[in-house]
Every structure is written in C-alpha cells, then in structure tokens.
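Working notes for the structure below.
The values are calculated or read from the model by the stated rules, or taken from the named source; none is laboratory data. Please read these numbers as outputs of a predicted model, since none were measured by experiment. Don't worry about glycine lacking a Cβ; one is built from the backbone with ideal geometry, like all the others, and counts go over all protein chains shown.
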Amino acid sequence: MQLTITDEAYQSLLEQARRDAPMESCGYLLGPDRQTVTLNYPMRNTDQSAEHFSFDPKEQFAAVKYVRQHGLVIVGNWHSHPATPSRPSAEDIRLAFDPNILYFILSLAGEKPVFNAFAIADGEVKEKICLR
C-alpha cells in the first residue's frame, strides 16, 4: 500500500508527542483519501499513562463531525510510544477493532523518532508501512 503524510501533519503529531511525553499521546490522522494523511487531529489521552491510551468519547464524536463537515476520511488513529519501539503491543493489537483504518505508532525511544503504520485485522498485524 502506498501511503503519504504531509510534513505539516507529521510535524504536528511529533510536536504533540514530544510535549505530552513521558505520557503516550494520541489522535486521528485525516486526509482526502485512505492513502494520504494531511491533518493530525490531536486528542487527549484520558488514561494519562506512559504505557497505554484511551480517547475521550466526546473528542471522538467531534472528530467524526469535523471529518464529515470537511469531506475528509479517517485514515487511522495514532499514538506515541515514548520509551518503546514503533510496533504494536499485544494490547494495541487486541484493541484494534476496525480493520478499515490504519494504526500509526510514533516511537520517541531512539535517537531519531520512528513512525510506522500498521494494518491490523483479526488479531494480527497484516502489513507494516514505514513512514519515517
């Protein structure tokens, strides 16, 4: 699968993740189609945890409303791993309920950030897409 993310969208989520560290950061990634990310829609990690995240349902509803109003699609959701690699944990895989979106993980663990997307369905990672 071909997938692109604009520099503006990437910088937005990178800044958010760095600001929220050492807690995990999260949001939706939006675009005009399923292969192009043009916007980070930041959300608050209601768990306030360094090891997992949860979206606020009110923010999720607002995001869906925004998507509809602006003719966009939700390409996927993203979260950061402040101290671990950019790969889905067992919990990430277990909670990946929608096989129609991608699951993005930004790792801040190394010298340089690592950003990957994963297609997850039926409890397993089907595809890994390296973005940065």
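When A17 is tested against (1) in contact with a helix residue (DSSP H, G or I) (Cβ under 6 Å, 6 or more places away or on another chain); (2) of a type outside the set (F, W, Y); (3) touching a residue at least 24 places away in the same chain (Cβ under 8 Å), just one condition goes unmet, and that condition is (1). Scan the range 1-29 for residues that are surrounded by 13 or more Cβ atoms within 10 Å (Cβ to Cβ) and assigned to a helix (DSSP H, G or I) and the total you get is 10. Would it be correct to say that F61 is without any contact (Cβ under 8 Å) to a residue 40 or more places away in the chain, closer than 22 Å to I93 by Cβ and either in contact with a Cys (Cβ under 7 Å, 6 or more places away or on another chain) or not in a loop (DSSP other than H, G, I, E, B) (or both)? For F61, the condition - without any contact (Cβ under 8 Å) to a residue 40 or more places away in the chain, closer than 22 Å to I93 by Cβ and either in contact with a Cys (Cβ under 7 Å, 6 or more places away or on another chain) or not in a loop (DSSP other than H, G, I, E, B) (or both) - is not met.
Residues of the range 60-74 being surrounded by 14 or more Cβ atoms within 10 Å (Cβ to Cβ) and over 20 Å from L14 (Cβ atoms), which ones? If the condition is that a residue be surrounded by 14 or more Cβ atoms within 10 Å (Cβ to Cβ) and over 20 Å from L14 (Cβ atoms), then Q60, Y66, V67, L72, V73 are the ones that fit. Keeping to the range 37-49, report how many residues are buried (at least 19 other Cβ atoms within 10 Å of the Cβ) and among the hydroxyl-bearing types (S, T, Y). Qualifying residue count, the range 37-49: 1. Go through (1) at pLDDT 95 or above; (2) part of a helix (DSSP H, G or I); (3) surrounded by 16 or more Cβ atoms within 10 Å (Cβ to Cβ) and name the single condition D92 misses. So D92 meets the others, but not (1).
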